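This report concerns only the one structure given below.
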Amino acid sequence: MITSLDKNTALILIDLQRGIVNTPKAHPVAGILENAAKLTEAFRNANLPIVVTNVNAAGAAWTRSRKDQRMPVGAYKDDFLDITHEIKTEPGDIIITKHTWGAFFETTLREQLQERGVTGIVLGGVSTSIGIEGTARQAMEYGYNVSFALDAMTDNVAEAHNNSIMHIFPRIGEVGTTDEIIAKLIS
């Protein structure tokens, strides 16, 4: 349940890029994108920072390490990194290209949030158990108050999504709906 949002809260949308949203997901992507767009509009109307990330793991060190399950990383189609058209970015938005699961590692995200006095973040996007959870863990370690927009995120694997929502996120922050978050923005 979302009890409050910090006065200086940023919206961080994870990997809502064409090459990722166009793959099978546990929940209908149209609804996820609609809620992410509603959050974007609400944060814009509240004059709060909006961060949009995409991921380009090509050449990242972690892609060469040993693991039981290999993640597909290779040549991308031309539009793979493009943010989906449902999410309208503007020149004042913070655009981050990350190379790992979390949006803070080896990016300028923390510095840009600090410059704006951000103390809280709201997370949505894809994938719940990877990019969102990775970013949330890093944000918690930096001391940000973290809120999760449950109906603005999905995962490729329903069980992984549910594990993050039920067992991990409540240890990191507060979990609520898009409408609950927007209500706290305007109260």
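The values are calculated or read from the model by the stated rules, or taken from the named source; none is laboratory data. Bear in mind the structure is a predicted one, so any value in this text is a computation, not a measurement. Backbone-built Cβ (ideal geometry, glycine too); neighbour counts: all protein chains shown.
Before moving on, here are some points about what is shown:
- Residue in the range 151-173 that is among the aromatic types (F, W, Y), more than 14 Å from the chain's Cα centre (by Cα) and assigned to a helix (DSSP H, G or I) present: no
- Residue selected from the range 119-176 under the condition among the hydroxyl-bearing types (S, T, Y) and touching an Asp or Glu at 6+ places or on another chain (Cβ under 7 Å), by the criterion farthest from Q17 (Cα to Cα): T119
- Test: residue in the range 58-75 that is surrounded by 13 or more Cβ atoms within 10 Å (Cβ to Cβ), polar (S, T, N, Q) and at pLDDT below 95: yes
- Taken across the range 18-40, residues that are assigned to a loop (DSSP other than H, G, I, E, B), out of contact with any strand residue (DSSP E or B) (no Cβ under 8 Å at 6 or more places or on another chain), modelled with pLDDT of 95 or more and within 22 Å of I181 (Cβ to Cβ) do not occur at all.
- Screening S129 against (1) on the phi > 0 side of the Ramachandran plot; (2) in contact with a His (Cβ under 7 Å, 6 or more places away or on another chain) leaves a single unmet condition, (1).
- Residues that are of a type outside the set (A, V, I, L, M), part of a helix (DSSP H, G or I) and either surrounded by 24 or more Cβ atoms within 10 Å (Cβ to Cβ) or in contact with a His (Cβ under 8 Å, 6 or more places away or on another chain) (or both), drawn from the range 132-150: E133, T135
- Close Cβ contacts (under 6 Å, 6 or more residues apart or on different chains) running from residues in the range 136-154 that are within 15 Å of E106 (Cα to Cα) to residues that are at pLDDT 95 or above comprise Q138/G102; Q138/F104; A139/I121; A139/V146.
- Some residue of the range 73-86 being free of Cβ contacts under 8 Å to residues at least 60 places away in the same chain and within 23 Å of A37 (Cα to Cα): yes
- The range 95-127: number of residues that are touching a residue at least 60 places away in the same chain (Cβ under 8 Å), among the β-branched types (V, I, T) and either surrounded by fewer than 19 Cβ atoms within 10 Å (Cβ to Cβ) or part of a helix (DSSP H, G or I) (or both): 1
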